[in-house]
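Asker: Dropping the structure in here first, questions after.
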Amino acid sequence: MDRLTTRELLQQASERLRTAGIETPRLDAEVLLMAVLGQDRAGLYRSLPEPVSLEVAGRFLELVERRARGEPVAYLTGRREFYGIEFLVTPAVLIPRPETEFLVTWAAAQLRRLSRRPVCIDVGTGCGAVVIALAHTLGPAWGGLLVGCDISLPALQVARMNRDRLAPRRVELVCGDLLAWCRGRLDLITANLPYLRPDQAHAGLAYEPSQALYAGEDGFALYRRLLRQAAELLRPDGSMICEIDPGQREVAREAAQALFPAANIQVLPDLAGLDRYLTIELGSDDGGPERIEGKSAARPARGLDTPGPHTTEGATR
Ligand SMILES: C[S@@+](CC[C@H](N)C(=O)[O-])C[C@H]1O[C@@H](n2cnc3c(N)ncnc32)[C@H](O)[C@@H]1O
């Protein structure tokens, strides 16, 4: 049997994906072939006229079949770019979405304006996208404490791989239910928690963990609990950003106003113009009596620096 060239193989794969109803057949075929070949796009294009080995063609067409059945490209390649950084992903974690990148930008701006060494916790961290991107953006000289927490140990194992690759020793990881484990005072909370109602399920979400997607009858159950915890834990000048479903605009604003009556509360749109981010700013940083000196401020009952059974470190080492 004659070997196909890269160009012919891509044409065949694109056609298969197009007939399967995939929205971006050529792009997906290219990304899958780049992953199998271990090449970037320039390398792929250079190899267009060259024949592909039967072994590579076989592995590629197997991935194309799985994609044709609906498996997300990110799970097939094991990678997803977020905030310009390549993260490892597995079916244990939600695939990070572009709209979540705003949490990083907003959080970095909040942390930079503080004169002390702040403490920030990313709740429901998944693969660690938000907290690790934040560590990257703030840079190695930034002296605060960044923590990612999640209820799912398998998700935290992925976060740990990403942390060790991308921000070693700069992000702590904790396994726990929202902030129930946390003691001390926080400067900033970021959260992209599950916010869908069960009736919002659709085929495109079938491969992602339901624990990362759905949150009670109205989709706001986890945020309702988190906001109550935040009211206990945030410093008087602390702040918080939550990614929400656009349909939760009013319920989110009302829940936040009831708990933080004096705060500056906003619901901001994403790039598509959809109400997507609940932001809460409690006050201004006057560097006054609340001033702290680094890590000890947010030490949970089971300390972040002394991992117990509730940390990824404890579970996986
Ligand atoms: C929508 S995913 C977001 C993941 C990541 N922040 C991102 O943006 O890519 C929500 C995450 O919240 C976690 N989660 C669900 N319930 C939780 C709870 N009660 N406490 C902590 N994390 C929870 C899930 O395991 C999942 O990793």
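We did not get these values from a lab; they are worked out from the coordinates using the rules stated. Quick caveat: nothing in here was measured; it's all calculated off a predicted structure. Because the Cβ atoms are built from the backbone with ideal geometry, glycine has one as well, and the counts that use them run over all protein chains shown.
Asker: So what does log10 I(q)/I(0) come out to for the range 1-153 at q = 0.12, 0.17, 0.19 Å⁻¹, using the Debye formula with one equal point on every Cα and no solvent?
Answerer: -0.64, -0.94, -1.07
Asker: What base-10 log of the normalised intensity I(q)/I(0) is obtained for the range 6-77 from the Debye formula, alpha carbons as equal point scatterers, at q = 0.26 Å⁻¹?
Answerer: Each listed q maps to, in turn, -1.26.
Asker: Does the range 155-215 come out rounded, prolate or oblate, given a ≥ b ≥ c as the square roots of the eigenvalues of its C-alpha gyration tensor, rounded meaning a/c under 1.5 and, failing that, prolate meaning a/b above b/c?
Answerer: Cα axes put the range 155-215 in the oblate bin.
Asker: To continue, here is another question. Under 8 Å for C-alpha pairs, at least 6 residues apart: give me the relative contact order for the range 51-197, rounded to a whole percent.
Answerer: 23 percent
Asker: Which residue fluctuates most in the GNM of the chain (Cα springs below 10 Å): 54, 268, 278?
Answerer: The residue that fluctuates most here is 54.
Asker: How big is the shadow of the Cα convex hull of the chain, averaged over all directions, in nm²?
Answerer: Answer in nm², one decimal: 17.8.
Asker: How far is helix 249-259 tilted off the main Cα axis of the chain, in degrees rounded to 10, range 0 to 90?
Answerer: Roughly 30 degrees, rounded to the nearest 10.
Asker: Could you identify which residue out of 220, 87, 260 has the top mean-square fluctuation in a GNM of the chain using Cα springs shorter than 10 Å?
Answerer: Maximum among the listed residues: 260.
Asker: Which order do the peptides 97-103, 149-155 come out in when sorted by mean C-beta neighbours inside 10 angstrom, highest first?
Answerer: 149-155, 97-103
Asker: How much of the DSSP bridge set in the chain is antiparallel, in percent, rounded to the nearest 5?
Answerer: Of all bridge pairs located within the chain, approximately 45 percent are antiparallel.
Asker: How high is the relative contact order of the chain? Use alpha-carbon pairs under 8 Å, at least six apart in sequence, and give a whole percent.
Answerer: Relative contact order of the chain: 15 percent.
Asker: Enter the angle in degrees (range 0 to 90, nearest 10) between the Cα long axis of helix 153-166 and the first principal axis of the Cα atoms of the chain, meaning the one along which they spread out most.
Answerer: It is inclined by approximately 80 degrees.
Asker: How large is the helix-only mean residue ellipticity at 222 nm for the chain, computed as the sum of -39500 (n - 2.57) over DSSP H runs with n ≥ 4, divided by its residue count, in deg cm²/dmol to the nearest 500?
Answerer: Mean residue ellipticity at 222 nm (helix-derived): -11000 deg cm²/dmol.
Asker: While we're looking at this one, here's another question. How would the range 81-171 be classified by its alpha-carbon gyration tensor: rounded, prolate or oblate, with rounded meaning a/c under 1.5 and the a/b versus b/c comparison settling the rest?
Answerer: Taking the square roots of the gyration eigenvalues as a ≥ b ≥ c, the range 81-171 is prolate.
Asker: In degrees, nearest 10, range 0 to 90: what is the angle between the Cα axis of helix 25-37 and the longest Cα principal axis of the chain?
Answerer: 90 degrees
Asker: For the chain, with a Gaussian network of springs between Cα atoms less than 10 Å apart, report the residue from 218, 199, 187 with the top mean-square fluctuation.
Answerer: Residue with maximal mean-square fluctuation among 218, 199, 187: 199.
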